[in-house]
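Asker: Pasting in a structure now, in structure tokens, and then I'll have a few things to ask.
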Amino acid sequence: MARLSRGVEEKVVSPKADVLLITVNSNETKAVLAAFESAIGQPAEQVPLADRLYRNLGTINDTQVFHALSEMGSGGPGAMQQTVQKGIAALSPTAVIAIGIAFGMNEQKQQMGDILLSRQLCLYEPQRVGQERILRGDRSHVSTRLINFFEGIAQTSWQGAPVHSGLLLTGEKLLDNLDYRSQLLQLEPEAIGGEMEGAGLYVAGQDSQVDWIVIKAICDWGDGQKNHPDKDAHQRQAAQNAAEFLVYALQQASLKRQRREEEELPQKTGVSMTFQGPVTGVVGTLQGDMIINATPNVTASNPIQSASSIQWTGPKRAKLRKAILKIYRNIKELRRFIEDQFEDADEILDRIGGDNLETWAADLLQDAAAKEWIDELYTIFCATHPQHSTIQQLKVVLGDSTE
């Protein structure tokens, strides 16, 4: 985090996560932290944000992963639904994953430590109880993107604990009764296992339109034997299996996904149009995501350097920041741009900084807006890379009257 000088208010730049992992008990948490530390080579960083403490687990395959801790269950204070809602608001992940331990349903076809991958969730708490029981809860489908990702890895290259994908039961009960488990299995014969937090994950993810999935491994059978002498060892092994599968999958392919604000930039459409706008300062033909035959539209009343007609709202500043991040791939490149293009580069660099490129870019935009040199930043940035498709896209977007 950079400390802004000369009376400029200090601002905490919120980090962004591609994937947010949620655990509940200590065995789950320790397994996740250990798996990521082993893969990345450094321990997680504690990140206090809003009224919660998160952990930055690091980046694997260009996928930034954070961790949050939930209370047991779905609906209570601090439980899964509230935890996921707060995590989405704070970190803007494109995927949330509940990872840890679950109970199995079939001792003949499953083994302790097998991994359960949710394709669907059945919320078993809402029931009609009369002469017979009828489940009335949602039977929700998991994100197809995440199912495709994890099931593809499980079926092709994963050599660890067996992975079973299918329907998971989820409810507030800590299930440890064979008769009740048998009743649930009669109501949902396709169930492969169950756990306690999936309903909260589903509700929060669905409401925020964020992809979600449950990945948990079997630590018991919900059959009245939860206090088995090996309970802790079974939980540790199950949590380790789930965490190792997740890390392995991320090492095979990235789960990073384009965010909505990035998707607002013009995409290739195959449509050509001629345009001339006071903001873009360019006359030319837009073809797909490229402007061809572009010439400067410089006049006394509309010089290309004049960006003062842009109202730098938060969303427009965000678009400029995203464009900067697309062109400058690391801190060294962004720093060189500042040093080469601005006479007061040393003063600017004193006011910005941080340990990652996102923080540098956010601080740069914050400083430019607060000190009213954002027009100059935008103009020089565009002039430095006039033919770059990202610049041309940015100009078109900033020239649009809609927010």
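Asker: Check whether at least one residue in region 59-66 is under 16 Å from the mean Cα position of the chain (by Cα), buried (at least 18 other Cβ atoms within 10 Å of the Cβ), without any contact (Cβ under 8 Å) to a residue 40 or more places away in the chain and under 17 Å from Ala249 (Cβ atoms), and report yes or no.
Answerer: Within region 59-66, the subset under 16 Å from the mean Cα position of the chain (by Cα) is 59-66.
Right, trim to buried (at least 18 other Cβ atoms within 10 Å of the Cβ) and you get 60, 63-66.
With the extra rule that they be without any contact (Cβ under 8 Å) to a residue 40 or more places away in the chain, the set shrinks to none.
Among the residues of region 59-66, not one is under 16 Å from the mean Cα position of the chain (by Cα), buried (at least 18 other Cβ atoms within 10 Å of the Cβ), without any contact (Cβ under 8 Å) to a residue 40 or more places away in the chain and under 17 Å from Ala249 (Cβ atoms), which makes the answer no.
Asker: Tell me, yes or no, whether region 136-159 has at least one residue that is in a loop (DSSP other than H, G, I, E, B), at pLDDT 75 or above and within 23 Å of the chain's Cα centre (by Cα). Working first, answer last.
Answerer: Of all residues in region 136-159, those in a loop (DSSP other than H, G, I, E, B) come to 136-138, 142-143, 157-159.
When the remaining residues are screened for being at pLDDT 75 or above, the result is 142-143, 157-159.
Next cut, within 23 Å of the chain's Cα centre (by Cα) only: 142-143.
Taking every residue of region 136-159 in turn, at least one turns out to be in a loop (DSSP other than H, G, I, E, B), at pLDDT 75 or above and within 23 Å of the chain's Cα centre (by Cα).
Asker: For Gln183, indicate whether it is at pLDDT below 85 and either of a type outside the set (Asp, Glu) or under 20 Å from Gln110 (Cα atoms) (or both).
Answerer: Numbers: at pLDDT below 85: yes; either of a type outside the set (Asp, Glu) or under 20 Å from Gln110 (Cα atoms) (or both): yes.
Considered against the rule, which asks whether it is at pLDDT below 85 and either of a type outside the set (Asp, Glu) or under 20 Å from Gln110 (Cα atoms) (or both), Gln183 comes out as yes.
Asker: Output the residues belonging to region 146-157 that are among the hydrophobic types (A, V, I, L, M, F, W, C) and either buried (at least 19 other Cβ atoms within 10 Å of the Cβ) or without any contact (Cβ under 8 Å) to a residue 12 or more places away in the chain (or both). Quick ask: steps written out before the conclusion?
Answerer: Of region 146-157, the ones among the hydrophobic types (A, V, I, L, M, F, W, C) are 146-147, 149-150, 153-154.
Matches in region 146-157: Leu146, Phe149, Phe150, Ile153, Ala154.
Asker: Taking the stated definitions as given, is Ala233 at pLDDT 75 or above, outside any loop (DSSP other than H, G, I, E, B) and crowded, with 18+ Cβ neighbours inside 10 Å? Give the steps one after another, and end with the answer.
Answerer: Working: at pLDDT 75 or above: yes; outside any loop (DSSP other than H, G, I, E, B): yes; crowded, with 18+ Cβ neighbours inside 10 Å: no.
It is false that Ala233 is at pLDDT 75 or above, outside any loop (DSSP other than H, G, I, E, B) and crowded, with 18+ Cβ neighbours inside 10 Å.
Asker: Identify, by number, the condition in (1) at pLDDT below 95; (2) crowded, with 17+ Cβ neighbours inside 10 Å; (3) polar (S, T, N, Q) that Thr29 doesn't meet.
Answerer: Condition (1) is where Thr29 drops out.
Asker: Please work out which one of (1) part of a loop (DSSP other than H, G, I, E, B); (2) of a type outside the set (A, V, I, L, M, F, W, C); (3) closer than 21 Å to Lys216 by Cα is the condition Lys16 fails and give its number.
Answerer: With respect to (1) part of a loop (DSSP other than H, G, I, E, B); (2) of a type outside the set (A, V, I, L, M, F, W, C); (3) closer than 21 Å to Lys216 by Cα, Lys16 is out only on (3).
The values are calculated or read from the model by the stated rules, or taken from the named source; none is laboratory data. Small disclaimer: the values here were computed from a predicted structure and weren't measured. Note that each Cβ is placed from the backbone with ideal geometry, even for glycine, and that neighbours are counted across all protein chains shown.
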